[in-house]
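Here's the structure, in structure tokens; my notes come after.
Since every read-out is calculated from the coordinates, none of them should be taken as a lab result. Predicted model, so just to flag it, every value in this text is computed and none were measured. We place every Cβ from the backbone using ideal geometry, glycine too, and count neighbours over all the protein chains shown.
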């Protein structure tokens, strides 16, 4: 939980400081807020974590300045276990 909290907090700060506007910035901000809320509320549900991660990656994936922070969030989400197999 601590790693996810730290990674989400760091990426939220990096996104807030990033000067460029891009079309899906609001989606990334909303999903990072959702991840932060999940961390505060207790042990989050893995499918919801992965959904938020996917939306964040889609929203900021092309912004190279945020790629390290995004990778840290992904690593933290991966600590909660593998995605369910279909």
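Could you work out how far apart the two model spin labels at residue 82 and residue 41 are, taking each label as a point 7 Å from the Cα in the direction of the beta carbon, and quote it in nm?
A separation of 2.8 nm, rounded to one decimal place.
Would you compute, from DSSP H runs of 4+ residues alone, the mean residue ellipticity of the chain at 222 nm, taking -39500 (n - 2.57) per run and dividing by the full residue count, rounded to the nearest 500?
Only helices count here, giving -23000 deg cm²/dmol.
Write down, largest first, the equivalent ellipsoid semi-axes of the chain in whole Å, where each equals the square root of 5 times an eigenvalue of the alpha-carbon gyration tensor.
Each semi-axis is √(5λ); the values are 21, 14, 11 Å.
Roughly what angle does helix 2-17 make with the longest principal axis of the chain, taking Cα atoms, 0 to 90 degrees, to the nearest 10?
20 degrees
Kindly put 31, 21 in sequence by how many other C-beta atoms sit within 10 Å of each C-beta, fewest to most.
With the fewest neighbours first, 31, 21 line up as 21, 31.
Where is the GNM fluctuation largest for the chain (alpha-carbon springs, 10 angstrom cutoff): 42, 69, 26?
Residue with maximal mean-square fluctuation among 42, 69, 26: 42.
Against the longest principal axis of the chain, how steep is helix 25-41, in degrees 0 to 90 to the nearest 10, with axes from Cα atoms?
Roughly 30 degrees between the two axes.
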